[in-house]
Amino acid sequence: MNAAALESSLGELLIVGFPGTEFTAEARERLMRVRPSGVIFFAANFGDADQAAGITRSVHETIGAPELPALVCADEEGGMVSQISGFWEVPPSARAVASSGGPPLVKDLAQRTARRLLALGINLTFAPVLDVDSNPANPVIGIRSFGSSVSQVTACGRAAVEGVLATGAIPVVKHFPGHGDTSQDSHVALPTVTADRARMDLRELRPFEAAVNWGAPVVMTAHVLVPAFEPDPTRPATISRRVVTDLLRGRMKFDGVVITDALEMAGVTSIAPYGEIAVRAIEAGCDLLLYSRPSPGPEEALTALREALRSGRLSEERVQASLSRIRTLRAASAARPHPWSDSLEREARQLVPPEELDRIAEGAIRMLKQGAGGIPLRNPIDVLEVNRPASRAGIADLLRAHGMTAREVGPDVSTWPRRIEGTALLTLAARASLSPEDEATARAWLRRYPETVAVASLNPHVADGWAEVRTLLATFDNTPASRRALARRLAGATDPAKSRRAPRAR
């Protein structure tokens, strides 16, 4: 490939975000100008299934070809990281699925979710998460991980990869070399993994080493500092040659595509402008540069890459190597969608029926601490929900649907009952920790009503260190199915042993 042709192909090193919900002439012109290898879609881009299928197919037609299909991508982990939950119910978090049915259920749901994505026109999913949830204070991983055990994450990660690959979709394992043991979120800061090399070899790296051996086609890097492998405090993993080339490609022998996490995140923007980070990522050994928005990152990246190629900072051989890996992935693995129809929508929607999600969510519930508060609950029930999303049905309403007498109160102490006649119930929803105000409210409730049954609906560690907690359940997610399952368990409408069952064969 001559220099001019190589320069004109630089857009293929990018995955870019999409503006809005309509495939306008302006959106088409922008894609034609950049000519990226693919587009990433988010929930904000999707209205309903028909609209989502239409917009993804327009992208396929614009930047894809029969011999080189486009990479049409989404972050579809399940639970709180889902782009399609606005129109279809989706499985709960990785932790909930692993807790409910282990690797067999993980594989089954990964396969069915991938089939749904392919029906919509999405052929690459940024899942599974292979981070080990080893730090209870981690604000960004938590229940997105399959667990705190290396063996569980490895086994469930393998199951997820195999499930996606079986459909013809492309899985992406993330966040290399591990984002589980951090106390900061790389979206808003530059976290550090403080573990030494021996600890990382035994914990963080094992799921990724196994993934390479399974044939995972794509690995996503993390914007985290890793002093065990990269001593330079200005080089997080994404832009570290020691991590991407020496460790991942050299020691682990990975020969697939390496994609960055989104390059608008503070974990890298705090270090240098978009263009400079793009060049450093390619220098480090990354192939695809991910941008969650259509501008200004992609334009600045292309300008900087072009200048780096012309100056010799990036060699033609280096750029050609990445283009070759990307094109091989697209040609061999990027599926083009079938024509959209009402029957295809119905088939995709029914792949994961709500009643099955309810059973999965029931199987995920765990009793973390058993105190005086008993289950099923005794009527009447006084409920305080701390940080419940407005989009979720109140647990009091769900309990009433099971014939229970339940009343929800707010954070104003003056509205709280003078005494509990039946049961006090407290739900806590937080990805990491509660705000100081919410924590103070929750702990005041627990002190006033010591026999409270408390429920951690997202982070199971949210009440760690609270001496006031006597009875604590964890649901590992806050999806509609998770809340329905919780209500059934609290009302005594389910048998905990029978709710943990093998997935149905499909």
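The values are calculated or read from the model by the stated rules, or taken from the named source; none is laboratory data. In this text, all values refer to a predicted model and were calculated from it rather than measured experimentally. Here the Cβ is made from the backbone with ideal geometry for all residues, glycine too, and neighbour counts use every protein chain on show. What goes into the accessible areas is simple: the full protein's heavy atoms, side chains included, and nothing from ligands, DNA or RNA. Shrake-Rupley method; radii C 1.70, N 1.55, O 1.52, S 1.80 Å.
Some observations on this one:
- Each of Gly102, Thr56, Gln83 was placed along the dipole of region 1-128 (beta-carbon charges, centred on the mean Cα), and the one lying farthest toward the positive end is Gly102.
- What the Cα convex hull of region 120-226 gives, in volume per residue, is 96 Å³.
- Separation between Cα centres of region 104-156 and region 183-233, rounded to whole Å: 16 Å
- With a Cα cut-off of under 26 Å and a minimum spacing of 8 residues unless on different chains, the lysine pairs in the chain number 5.
- The equivalent ellipsoid that matches the C-alpha gyration tensor of region 177-265 spans semi-axes of 19, 15, 12 angstrom, in descending order.
- Spin-label pair Arg346/Arg199, simplified geometry with 7 Å Cα→Cβ offset, distance in nm: 5.5 nm
- Dimensions (Å) - region 1-143, Cα atoms, principal axes, largest first: 52, 35, 29
- Taking the protein heavy atoms of the chain in the context of the full set of protein chains, the accessible area attributed to carbon and sulfur is 50 percent at 1.4 Å.
- Based on every Cα atom in region 440-499, Rg and the maximum pairwise Cα distance Dmax equal 12.6, 37 Å.
- Its Cα centre serving as origin, the chain has a Cβ charge dipole (Lys and Arg +1, Asp and Glu -1) of approximately 1240 debye.
- Scaled against the 2.2 N^0.38 Å expected of a compact globular protein of N residues, the Cα radius of gyration of the chain reads 1.01.
- Counting Cα-Cα pairs of region 172-211 in 5 Å increments starting at 0 gives whole-percent bin shares of 6, 24, 30, 21, 15, 4.
- Per residue, the solvent-accessible area of the chain (1.4 Å probe, heavy atoms of protein chains only, all protein chains present) comes to 38 Å².
- Between Gln320 and Trp466, the modelled label-to-label distance comes to 6.1 nm, taking each label 7 Å out from Cα in the direction of the beta carbon.
- Its Cα gyration tensor gives region 329-397 an equivalent ellipsoid, and the semi-axes of that ellipsoid, as √(5λ) in whole Å with the largest first, are 41, 17, 14.
- With 0.36 nm allotted per residue and the present C-alpha distance subtracted, the Arg407-Ala4 stretch has 138.1 nm of extension available.
- FRET efficiency, His338 to Arg310 (Cβ-Cβ, R0 45 Å, nearest 0.05): 0.60
- Considering only alpha-carbon pairs that sit under 8 angstrom and 6 or more positions apart, the relative contact order computed for region 99-198 is 35 percent.
- Debye log10 I(q)/I(0) for region 223-285, one point scatterer per Cα, at q = 0.15, 0.23, 0.29 Å⁻¹: -0.40, -0.92, -1.32
- A simple packing score, the average count of other Cβ atoms within 10 Å per residue, orders the peptides 348-359, 55-66, 9-20 as 9-20, 55-66, 348-359, with the highest score first.
- Semi-axis lengths, Å, region 69-119, gyration tensor of Cα atoms, sqrt of 5 times eigenvalues: 20, 13, 9
- Farthest positive-ward along region 168-261 dipole, Cα basis, beta-carbon charges - from Thr245, Leu225, Phe176: Thr245
- Dipole of region 334-470 [Lys/Arg +1, Asp/Glu -1 at C-beta], most positive-end residue of Pro389, Ala454, Ala364: Ala454
- Helical runs assigned H by DSSP (4 residues or longer) give the chain a calculated mean residue ellipticity at 222 nm of -11500 deg cm²/dmol, each run adding -39500 (n - 2.57) before division by the residue total.
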